[in-house]
Amino acid sequence: MLELTALDRELLGGQHGEAAALAMRVLVRSATLMGADDLLDIHNAHIDGCLYHGQASLDFVERLVEGGGKVKVPTTLNVGSLDLIHPELFRGGKALQSQAERLMQAHVELGCESTFTCAPYQGRNRPRFGEQIAWAESNAIVFANSVLGARTNRYGDFMDLCAALTGRAPNCGLHVTENRVGQVLFVLQDFPHEPAGRDIYFAALGLFAGKHVGARIPVFDGLPPDTSEDELKALGAACATTGAVGLFHAVGITPEAPTQSAAFGGRPVPETVRVSRADLDRTRAALSSARPGDRLVAVSVGTPHFSLAEFDQLLGLLDEQQARPCIDFYVNTSRFILWELEQAGKLNQLQESGITIVTDTCTYITPVMRQTRGLIMTNSGKWAHYAPANIGVEVAFGSLRECVLSALRAEVVFDAR
Amino acid sequence: MPADTTRAHWPAAAVVTGQGSGQALLLEQPLSFWGGYDAARGCIVETRHPQHGANLAGRVMLMASAKGSSSSSSVLAEAIRNGTGPTAIIMRERDLIVGLGCIVASELYACHVPVVVVSSDDWRELLARARDAQGRWHVRAPESGVGEVRLVG
């Protein structure tokens, strides 16, 4: 039986408004379904409700707006179906455009911040270690849990917003210490340590591990000691693409895994998988049949949204080559990072180099790319996995460096392996 | 032990409250509603799914477990709103994403599509019966949490 506090009961009884009551009813029914004993306080929320999936998505949010709903904790928003900063990029129908725009706007009316990013953790919403939060969007969930050591279950449509409107979440799953220990050990034998071009191996490892573990918690041992935050971002996003992964540990790198033993909570390792570079090359090959020399129509990177550090790498690579891409080169990022780029005087440089920046949304969920017939290259495991079904493209899968070299020649270029 | 072919009543845990009935539609594999079900037309569009092309409208859906994106909750709620969703759902494993779709549809549109969960043994029996019985299935999921599945005819 779910135990409620006096405040929970007030919310449920409508003393804090119709919207909060609706949110609490959904939360209580969901918590009962999950078998939670009670609810806990959350400190912030990230909402993935801005993608338009039909009338019901909009009806739910409109009902909350009409009921005077306001978020109780700082709340950021995930991507929507539109780039509100660059609306001219949208190539879909007018009806969809207006419904999608209203959905985004209604969330803002509830008090959510208009961040529209899948990487809120690289903006201003960066939860602290041990903080209880309610996040949606698979890559953001896995980053917050694994890299920051904050605590969230894998929330999604409706639940995330109900948590934000009440400041409460079911006390179970990854909110609880004992459920956060590793379950499968991946021993990396010859993982590339040389930084140039190794980003693709983090994505490949994530796809490989996610498929193997399903909903269990993977532990990686043998990643380079200088593994960057963006590389962990790529790893987590890919894990959460092929598996229902909400948390991973990287021994010596992520905060809950100073040692292998700590990652497993001092218990015996239930299962060990050895992963060689050849395994990861096979994962890469399985995603794409593109061969060196194949004609390329575009490049898309920034899934999850590009960070400032990744823009610096991109600028460095373009600078090194002293040439411009001769095909469309899309980078998805947040409006927050866009402003930072502008402040730093880097935006002009990117535009002059022929880079198209897409904000608030992502190239694989909405019609923004000019060309979707033919081969498109990405360094994102998530993009490579979803884009063929979502927008009907063929994918070439390579590192950021390979993406840049390929864009300069309009054909697939792979580093020697 | 061979399945009991005369039994027509099974206990079930009520996961989402409501009552519903109809002919069975058995999904032989998990379905992700997002990307797998067209809620506008009422049609399973995941091409590799064994029930590709099937319409859930008016049917009691049997699906052992769920898979895929959390956006499936929205698509299921939209299908229920649009009359292209099932009238009841029977599962072997409890699933928040499926449950949420039904919870939200019941809150927004007062369409109470029940979700119940049965034991593994009962699931095997239900599978066998759903494959060859022609009858009408009734699912009851009351507030008490103690629900039931009945096969009539």
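The values are calculated or read from the model by the stated rules, or taken from the named source; none is laboratory data. This structure is a prediction, so every number in the text was calculated from the model and none was measured. Neighbour counts run over all protein chains shown; Cβ positions are idealised from the backbone, glycine included.
Laid out as a table, the results:
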{"item": "Residues being more than 14 Å from every other protein chain (Cβ to nearest Cβ) and either within 20 Å of A:Phe336 (Cβ to Cβ) or not hydrophobic (A, V, I, L, M, F, W, C) (or both) - total across the range A:122-145", "result": "14"}
{"item": "Odd one out for A:His16 among (1) within 25 Å of the chain's Cα centre (by Cα); (2) buried (at least 19 other Cβ atoms within 10 Å of the Cβ); (3) more than 10 Å from chain B (Cβ to nearest Cβ)", "result": "(1)"}
{"item": "Selection from the range B:101-115 of residues that are within 10 Å of another protein chain (Cβ to nearest Cβ) and crowded, with 17+ Cβ neighbours inside 10 Å", "result": "B:Gly101, B:Cys102, B:Ile103, B:Val104, B:Ala105, B:Ser106, B:Glu107, B:Leu108, B:Val115"}
{"item": "Lone unmet requirement of (1) more than 14 Å from chain B (Cβ to nearest Cβ); (2) in contact with a Leu (Cβ under 9 Å, 6 or more places away or on another chain); (3) under 29 Å from A:Thr242 (Cβ atoms); (4) not polar (S, T, N, Q) for A:Ala309", "result": "(2)"}
{"item": "Residue match in the range B:116-130 (condition: more than 14 Å from chain A (Cβ to nearest Cβ), of a type in the set (Val, Ile, Thr) and in contact with a Pro (Cβ under 6 Å, 6 or more places away or on another chain))", "result": "no"}
{"item": "Leading residue by the ranking (surrounded by the fewest Cβ atoms within 10 Å (Cβ to Cβ)) among those in the range A:347-362 that are polar (S, T, N, Q) and outside any strand (DSSP E or B)", "result": "A:Asn348"}
{"item": "Residue that is farthest from the other protein chains (Cβ to nearest Cβ), among those in the range A:32-58 that are part of a helix (DSSP H, G or I) and closer than 30 Å to B:Ala40 by Cα", "result": "A:Leu58"}
{"item": "B:Ile97 vs. criteria under 18 Å from A:Asp160 (Cα atoms), crowded, with 19+ Cβ neighbours inside 10 Å and within 14 Å of chain A (Cβ to nearest Cβ)", "result": "yes"}
{"item": "Subset of the range A:363-380 [in contact with a strand residue (DSSP E or B) (Cβ under 8 Å, 6 or more places away or on another chain) and buried (at least 23 other Cβ atoms within 10 Å of the Cβ)]", "result": "A:Thr363, A:Tyr364, A:Val368, A:Ile376, A:Met377, A:Thr378, A:Asn379, A:Ser380"}
{"item": "Single unsatisfied condition, A:Gly392 versus (1) crowded, with 17+ Cβ neighbours inside 10 Å; (2) modelled with pLDDT under 95", "result": "(1)"}
{"item": "The range B:34-61, subset in contact with a Leu (Cβ under 7 Å, 6 or more places away or on another chain) and within 14 Å of chain A (Cβ to nearest Cβ), residue nearest to B:Tyr109 (Cα to Cα)", "result": "B:Gly42"}
{"item": "Qualifying residue in the range B:62-77 (condition: outside any helix (DSSP H, G or I), touching a residue at least 60 places away in the same chain (Cβ under 8 Å), among the aliphatic types (A, V, I, L, M) and at the interface with chain A (Cβ under 8 Å from one of its Cβ atoms))", "result": "no"}
{"item": "Helices (runs of 4 or more DSSP H) contained in the range A:223-299 and holding at least 1 residues exposed (fewer than 15 other Cβ atoms within 10 Å of the Cβ) and hydroxyl-bearing (Ser, Thr, Tyr)", "result": "A:260-263"}
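For (1) modelled with pLDDT of 95 or more; (2) assigned to a loop (DSSP other than H, G, I, E, B), each residue gets a yes or a no:
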site	(1), (2)
A:Leu317	yes, no
A:Arg324	no, yes
A:Asn332	yes, no
A:Ile337	yes, no
A:Glu340	yes, no
A:Gly345	yes, yes
A:Tyr364	no, yes
